[in-house]
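In what follows, a single structure is set out as structure tokens and then discussed.
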Amino acid sequence: MDADSVLDALAAAGGRRTSARQVIVQAVLAAKGHVTADELASDIHRRFPSINISTVYRTLEALEEIGVIDHVHLGHGRAVYHLADEEHQHLVCERCEAVIELPASKLRPLLRAIERDHNFEVDRRHFAIVGLCEKCREPNRRRSPAEPPSSQGGRSARGRSSRNR
Ligand SMILES: [Zn+2]
Ligand SMILES: [Zn+2]
Ligand SMILES: [Zn+2]
């Protein structure tokens, strides 16, 4: 996906092709992994002070409407954006907030069984599956030395939302 075709798609959906939109689309495509709207907006506003934060939010909404990005809730209220063309399911550790990306194909048999047996269509993308990661499951290790999990979810999505190392 390149910025030009995304901008064309936005224009086709009724938007105008502005330089602000171009900057925002490039930032979205360059942000590998998961970022919150706030992170993107403040990053763009810092580099291009003339771009309003509200413009960033509106453009993110438009990008989601045309299917370029998706938002997903990784923890307590924490929503992040990622490119919609990457098929993965999120596993989030409730203790250390590590995010593991699971190939979506691993869930397919389960989702098919749920649909068949309950006539229920699962939207697996909207929320993460929560649990305990390998590191936090180790019986002899003490609680994460970094910090206790915050019950508010948090603003620190960037560092932690990378692939699990
Ligand atoms: Zn949502
Ligand atoms: Zn993702
Ligand atoms: Zn963990």
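The values are calculated or read from the model by the stated rules, or taken from the named source; none is laboratory data. Predicted model only: the values in this text are computed from it and were never measured. Reconstructed Cβ throughout: ideal geometry from the backbone, glycine too, with neighbour counts over all protein chains shown.
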Pick from segment 34-52, criterion under 28 Å from Ala98 (Cα atoms) and free of Cβ contacts under 8 Å to residues at least 24 places away in the same chain, ranking: surrounded by the fewest Cβ atoms within 10 Å (Cβ to Cβ):
Arg46
Here are some residues: Ala37, Ala41. Which one is in contact with a strand residue (DSSP E or B) (Cβ under 7 Å, 6 or more places away or on another chain), modelled with pLDDT under 95 and among the aliphatic types (A, V, I, L, M)?
Ala37
Just one of Ala104, Ala128 is closer than 24 Å to Met1 by Cβ, touching a strand residue (DSSP E or B) at 6+ places or on another chain (Cβ under 6 Å) and crowded, with 18+ Cβ neighbours inside 10 Å; which is it?
Ala128
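Answer yes or no as to whether Glu86 is within 17 Å of the chain's Cα centre (by Cα) and loosely packed, with under 13 Cβ neighbours inside 10 Å.
Here the answer is yes, as Glu86 does meet what is asked.
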Restricting segment 51-68 to residues that are of a type in the set (A, V, I, L, M) and under 15 Å from the mean Cα position of the chain (by Cα), the residue that is nearest to Leu40 (Cα to Cα)
Leu60
I'm trying to understand the selection: among the residues of segment 1-56, which are within 16 Å of ligand 2 (Cβ to nearest atom) and not hydroxyl-bearing (Ser, Thr, Tyr)?
Met1, Val28, Leu29, Ala30, Ala31, Lys32, Gly33, His34, Val35, Ala37, Glu39, Leu40
Among all residue pairs at least 6 apart or on different chains, which show Cβ distances below 6 Å where the first residue, located in segment 112-133, is free of Cβ contacts under 8 Å to residues at least 40 places away in the same chain and β-branched (Val, Ile, Thr) and the second is within 16 Å of ligand 1 (Cβ to nearest atom) and in a loop (DSSP other than H, G, I, E, B)?
Ile114/Val122
Residues in segment 3-46 that are farther than 15 Å from His82 by Cβ and not charged (D, E, K, R) total 21
Quick one: is His118 within 27 Å of Leu29 (Cα to Cα) and either at pLDDT 90 or above or crowded, with 16+ Cβ neighbours inside 10 Å (or both)?
no
Among residues of segment 121-137, those that are over 15 Å from Glu94 (Cβ atoms) and either more than 16 Å from ligand 2 (Cβ to nearest atom) or modelled with pLDDT of 95 or more (or both), counted
2
